[in-house]
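For reference, the structure is listed below as structure tokens.
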Amino acid sequence: MCPTIRDRLSRNARERLVGRQAELSQLRRALAEGAPAVIHLHGLSGVGKSAVLTAFAEEARGAGAAVLAVECGSIEPTERGVLKELGQSLGCAPRLDTVAAALAAGPTPLLLAFDAYEHFGLLDAWVRQRLVPALPERTLVLLASRLPPTAAWTEAPEWQGLFRAMPLGMLSVAEATALLERLEVPQDAAPRIIGFAAGHPLALALAARAAQSLSSDGAQPLEVVIPQLARRYLGDVTDAETREGLRAASIARRVSIGLLRALRPQSDPGALYDRLAALPFVTAMRDGLAMHEAVREALAAELHAADPELHRRYRQEAWRQLSREAQTAPAAELWRCTADLIHLMRNPVVREAFFPQGATHFAVEPARPGDGPAILAMASQHDGTAGAALMGTWLDAAPHAFFVARGPDRAVEGFYCLLDAAEAAAGTLRADPVTARFLRDISERPLDGNQTALLLRRWMGRAEGEGRSAVQAACWLDIKRHYMERRPQLRRVYMALADLGPYAAAASTLGIVPLPDPVAIGNHRMQAAMLDMGPGSVDGWLFRLAARELGIAMQDDLLDRAKRALRVDGQIVPLTRREFDVMAYLVGRQGEAVPRDGLIHDVWGLRFDAGSNVVDAVVASLRRKLGSRAGAIETVRGFGYVYRAGADGRPGAEA
């Protein structure tokens, strides 16, 4: 057979990979023999996981295997996002059955590789329980991640012999020497670099660039090496504009031309984008440029230490750019803006809500029929007989609402119960007084259009109950998966606690407010609470949290969401439900001209006659209540309205 360019690519990928022959040999054997079915390659940032994955994928293609690679950081971490990605690659409908059928109809063996799998923390149980079991038998699934596998992979009996964890360590001295020779580092500089980089591939590669400026100090800890090398490389970027663009870009998860235009308006964004793309630690992805995590974090930390005000201003401009992008992004692309936004936030309460400590020690998955006794035992221990009886009612009526956290021994260490409000309202669960309290609030403040609400009926750990614990962190992380899957329709989340006190500060930060009238359950009392995310759903809620953290005037200027009122001249001015919804919609899109038809469709959830004055009537009422701040809502003649934070002036000012 005539050699092809593919053969050369495969050979080049293997030859440029220094060391890792033992790992490649194990991968080669697994693909050929069909066991194990899943290999989890894990190690520190910059240790070479992606390089191993790429080299093996090229080798597998060269050997005639089918290869399908997924970049986890570039897609929405939901079942919908993964199936859409696989469906597009395979040319089939984005459903698990059609994806599995398309893979089964293709050539074998098959390598399905997930790079940066740590981004799929929300999906790990689904990948383990649903996706992988549906794949053709001659499939090797390769997961490359910074994090080690969860206990559910390593301890579950059904995965024994079919799963293998493969840690990726540092290069040996001989391998590091070979890498530096390939990078054409002078022999007299190599010993200093090898001692300095401690066998870390990224550190070695960066040190090769900075070889002439390295000090003669002895070996240093890896955590110190990478930031030092990142700063040294920044110093070696001789072009001042590229260097400043690199510093600005370090605050972002991904770099787009639009973001560079916002951060560095004095620069040519296209040219700057190309110069950044040429840097050795920057990778061009389909949605922008990705700076290596270790380098990015080091540069961002240095910027924050050297010029905290500039660091803050870059984050503010990034927020504004993401806000603009989110207004026009199709639903399928909205996750990228959301992920970028979460990366911008540093508030410890918000970060703990989305990146809780200790969550990876427990596997959260749908409850099985045999888990009922453990759930009821926990409910009885912490909520008493009456509380356990209600959990029994839920188990009978909606077993699919229960999710459990399993420890390393697969025992149930905690659970949560979550259900769509519409499903709870249609069944026997209305007899539960806590559920009834949730539904009463929805009745008093109905949801509009296709908006939905989630009822988080209960969560608890075996030892701590509803108290803070690693079990609770794992459950809350999985709950965020439900948030993402239900956006942009999800409007509210209701929850109940025996004691809101320990969570009061965090609840206030996140916008969670208690509902009046606590509910009695036997000898216990439950406090119902509610998070109203607003018309913008999960993304609008996150943008408000980020704006507050960054000191950007948004809804906090006039709109008090907790009180569902305006704050005008030091006074609280109550709003009707419709006034609040219209004001929240405009505030969430400050500076943007909003069409009347858009308000009618998105707030009312209906398509009224275009001549209807229902919007004008509500806006007129809002302006009366705004008083001296009435000019904050401007009329755009023949189109609609625009909200301008901090604006004053006469009502109905034309824009």
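Name the single residue, out of those in the range 420-441 being assigned to a helix (DSSP H, G or I) and acidic (Asp, Glu), that is nearest to VAL519 (Cα to Cα).
Top of the filtered list is ASP441.
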Taking the residues in the range 72-108 that are free of Cβ contacts under 8 Å to residues at least 12 places away in the same chain and surrounded by fewer than 18 Cβ atoms within 10 Å (Cβ to Cβ) as candidates, determine which candidate is farthest from ARG146 (Cα to Cα).
ALA105
Only one of (1) without any contact (Cβ under 8 Å) to a residue 40 or more places away in the chain; (2) assigned to a strand (DSSP E or B) fails for CYS417. Which number is that?
(1)
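Residue-wise test of (1) assigned to a helix (DSSP H, G or I); (2) within 29 Å of VAL127 (Cβ to Cβ); (3) modelled with pLDDT under 75.
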{"residue": "ARG164", "(1), (2), (3)": "no, yes, no"}
{"residue": "GLY218", "(1), (2), (3)": "no, no, yes"}
{"residue": "GLU223", "(1), (2), (3)": "yes, no, yes"}
{"residue": "ILE226", "(1), (2), (3)": "yes, no, yes"}
Restricting attention to the range 446-504, and to residues there that are of a type in the set (S, T, N, Q) and not in a helix (DSSP H, G or I), which single residue is modelled with the highest pLDDT?
THR452
I need a count of the residues in the range 513-526 that are out of contact with any Asp or Glu (no Cβ under 7 Å at 6 or more places or on another chain), surrounded by fewer than 19 Cβ atoms within 10 Å (Cβ to Cβ) and either part of a strand (DSSP E or B) or of a type in the set (Val, Ile, Thr) (or both).
5
Restricting the search to the range 410-432, which residues are among the basic types (Lys, Arg) and within 22 Å of PHE362 (Cα to Cα)?
ARG410
Does LEU531 satisfy the criteria of being under 29 Å from SER380 (Cβ atoms) and not in a strand (DSSP E or B)?
no
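What residue, of ALA426, ALA374, ALA389, ALA397, is outside the structural domain of LEU123 (by TED's automatic domain parsing) and surrounded by fewer than 15 Cβ atoms within 10 Å (Cβ to Cβ)?
ALA426
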Pair list, Cβ under 8 Å, 6 or more apart: the range 256-280 residue more than 18 Å from ASP340 (Cα to Cα), other residue among the basic types (Lys, Arg) and surrounded by 17 or more Cβ atoms within 10 Å (Cβ to Cβ)
PRO269/ARG261; LEU272/ARG264; PRO280/ARG209
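Scan the range 444-463 residue by residue and report those that are farther than 21 Å from GLY372 by Cβ and out of contact with any strand residue (DSSP E or B) (no Cβ under 7 Å at 6 or more places or on another chain).
Hits for the range 444-463 are GLU444, ARG445, PRO446, ASP448, GLY449, ASN450.
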When you check ALA190 against the structure, is it under 23 Å from GLN21 (Cα atoms), free of Cβ contacts under 8 Å to residues at least 24 places away in the same chain and surrounded by fewer than 18 Cβ atoms within 10 Å (Cβ to Cβ), yes or no?
no
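The values are calculated or read from the model by the stated rules, or taken from the named source; none is laboratory data. None of these values were measured; they are calculated from a predicted model. Heads up, the Cβs are rebuilt from the backbone with ideal geometry, glycines too, and the neighbour counts pull from every protein chain shown.
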